[in-house]
Amino acid sequence: MKDTAPGALHLTATRLRAGVWEGVLNAGAEGEMPKIEILHQETPLEGVVLAPDPEMPGRYSLAVPIPAALLSDGVQTFLVCDAATGATLDSFAIVTGAPLEQDLRAEIDLLRAELDMLKKAFRRHCVETM
């Protein structure tokens, strides 16, 4: 079930364009800006930009530049986390290089990402139909 408590963070991915992953973060009530951390192989990424939406208090635009040095053959998985609590808000994967038909680890990463998306959609459906 979706966390509807005050101060609960909800992240919606919007796009990946020109090497920058983007999303919209809803923090609920207006207050202190949340602290967001993007992890790749347990290492925080630099250059993450979280900007408040001037038209909607409690809403922020998130931009994550993906360093070219992190991209190599295979699947690279990134976690979007609440730095204050350590909770994972979302994740995304980038697949590059040769076909990954033989790479079982890549397939597992893709399945995990798809499962996360399905869980979110199912939870949203349950909230909307109750």
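Please treat every number below as a calculation from the coordinates, not as lab data. All figures in this text were calculated on a predicted structure; none of them were measured in a lab. In this analysis, Cβ positions are derived from the backbone assuming ideal geometry, glycine residues included, and neighbour counts consider all displayed protein chains.
Quick check: convex hull of the Cα atoms in the stretch 12-62, volume per residue, rounded to a whole Å³?
Numbers: hull volume 4.9 nm³, N = 51.
Hull volume normalised by residue count: 97 Å³.
Excluding the sites themselves, what is the longest stretch of the chain that contains no trypsin sites (Lys or Arg not before Pro) in a DSSP loop with at most 16 other C-beta atoms within 10 Å? Could you put the intermediate results ahead of the total?
Numbers: sites that count: Lys2, Lys35.
Within the chain, the longest run free of exposed trypsin sites (Lys or Arg not before Pro) spans 36-130.
For the chain, what does -39500 (n - 2.57) per DSSP helix run (n ≥ 4), summed and divided by total residues, give at 222 nm, in deg cm²/dmol to the nearest 500? Mind dumping the intermediate values first?
On the way: 1 runs with 26 residues, N = 130.
That comes out to -7000 deg cm²/dmol.
Might you report the magnitude of the Cβ-based charge dipole of the stretch 52-130 about its Cα centre, with Lys and Arg at +1 and Asp and Glu at -1, to the nearest 20 debye? Working shown, then result.
On the way: 7 positive and 12 negative charges, 55 e Å.
The calculated dipole for the stretch 52-130 is roughly 260 debye.
Counting only GluC sites (Glu not before Pro) that are in a DSSP loop and have at most 14 other C-beta atoms within 10 Å, tell me the longest site-free stretch of the chain. Could the numbers behind the result be given before it?
On the way: sites that count: Glu30, Glu32, Glu42, Glu46, Glu55, Glu101.
Formally, the longest exposed-site-free interval is 56-100.
Got a sec to turn the phi values of the stretch 119-128 into Karplus ³J(HN,Hα) couplings, 6.51 cos²θ - 1.76 cosθ + 1.60 with θ = phi - 60°, whole Hz, x for Gly and Pro?
Calculated HN-Hα couplings, in order: 4, 5, 5, 5, 4, 4, 4, 4, 5, 6 Hz.
When a footprinting reagent is the concern and you count Cβ atoms within 10 Å, what order do Asp90, Asp109 take, fewest first? Walk me through the numbers before you get to the answer.
On the way: Asp90 22, Asp109 19.
Sorted ascending by nearby Cβ count, the order is Asp109, Asp90.
Between Ile108 and Arg124, what is the label-to-label distance in nm when each label sits 7 Å out along the Cα-to-Cβ direction?
So the two model labels end up 2.9 nm from each other.
Please tell me the relative contact order of the chain in percent, rounded to the nearest whole number, where contacts are Cα pairs under 8 Å and at least six residues apart.
Values: 201 pairs, mean separation 28.2, N = 130.
That works out to 22 percent.
Could you give the nm distance between label points at Leu79 and Glu37, where each point is 7 Å from its Cα heading toward the beta carbon?
Rounded to a tenth, the inter-label distance reads 0.9 nm.
So, in nm, how far is label Asn26 from label Asp53 when the simple model puts each one 7 Å beyond its Cα toward the Cβ?
Using points 7 Å along Cα→Cβ, the separation is 0.8 nm.
Throw me the Rg/Rh for the chain, computed over C-alpha atoms with Kirkwood Rh, two decimals. Walk me through the numbers before you get to the answer.
On the way: Rg = 15.7 Å, Rh = 15.9 Å.
Taking Rh as the inverse mean 1/r over Cα pairs, Rg/Rh reads 0.99.
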